[in-house]
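Below is one structure; the comments refer to it alone.
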Amino acid sequence: PPMNLFDAEIEEVGGKLIVKAGGVEIDVSGELAKGLRGKSVVQRRVRTGIRPTDITIAEAGRDNLLPAEVYVCEPLGRYTVITVRARDLFLKVKMEGHVKIREKEKVGLSINSSRLYFFDFQSGRSLL
């Protein structure tokens, strides 16, 4: 599946960068946060991307996971593509093998924020 792309705003809250999109908040830290600060994107609308392989699904209710609901589960042989809804944001997750998850099941998402991509909202060019 292609990269998940969504419109977002980057805000600084208590010294941390937060990506806000569709009611979802994702912390950005380390070198990625440093690079974004250097590009003056705080308080700016950007297009954000995350690959389906950089999101993992875990049991709902665990700490530090984004609550979500399974929208569609597509077994495709060697891997399974799962579309989830986290508040107003739909994301695709690619997992190895056949995954036993049902539609409407509550799950938790772990997003590898170091693997986020950021693009200029107008031109579509990469910001980093």
Residue list for segment 111-128, filter: open to solvent by 50 Å² or more (accessible area, probe 1.4 Å), assigned to a strand (DSSP E or B) and under 13 Å from ARG51 (Cα atoms): TYR117
Any idea how many residues of segment 90-113 are under 19 Å from ARG45 (Cα atoms) and at pLDDT below 95? 1
Looking at segment 1-29 only, could you name the residues that are small (Gly, Ala, Ser), open to solvent by less than 60 Å² (accessible area, probe 1.4 Å) and either modelled with pLDDT under 90 or under 23 Å from MET95 (Cβ atoms) (or both)? GLY15, ALA21, GLY22
Counted residues, segment 71-89 - those being without any contact (Cβ under 8 Å) to a residue 24 or more places away in the chain, within 15 Å of the chain's Cα centre (by Cα) and open to solvent by 50 Å² or more (accessible area, probe 1.4 Å): 1
Filtered residues of segment 30-52 (kept if surrounded by fewer than 16 Cβ atoms within 10 Å (Cβ to Cβ) and hydroxyl-bearing (Ser, Thr, Tyr)): SER40
Given the condition surrounded by 13 or more Cβ atoms within 10 Å (Cβ to Cβ) and without any contact (Cβ under 8 Å) to a residue 40 or more places away in the chain, answer yes or no: does some residue in segment 54-69 qualify? yes
Subset of segment 91-109, residues loosely packed, with under 15 Cβ neighbours inside 10 Å and in a strand (DSSP E or B), comes to GLU96, LYS106
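The values are calculated or read from the model by the stated rules, or taken from the named source; none is laboratory data. These numbers were taken from a predicted model, which means no experiment stands behind them. Neighbour counts run over all protein chains shown; Cβ positions are idealised from the backbone, glycine included. Ligands, DNA and RNA are stripped out before the accessible areas are found, and what is left, the full protein with its side chains, is counted by its heavy atoms. Shrake-Rupley method; radii C 1.70, N 1.55, O 1.52, S 1.80 Å.
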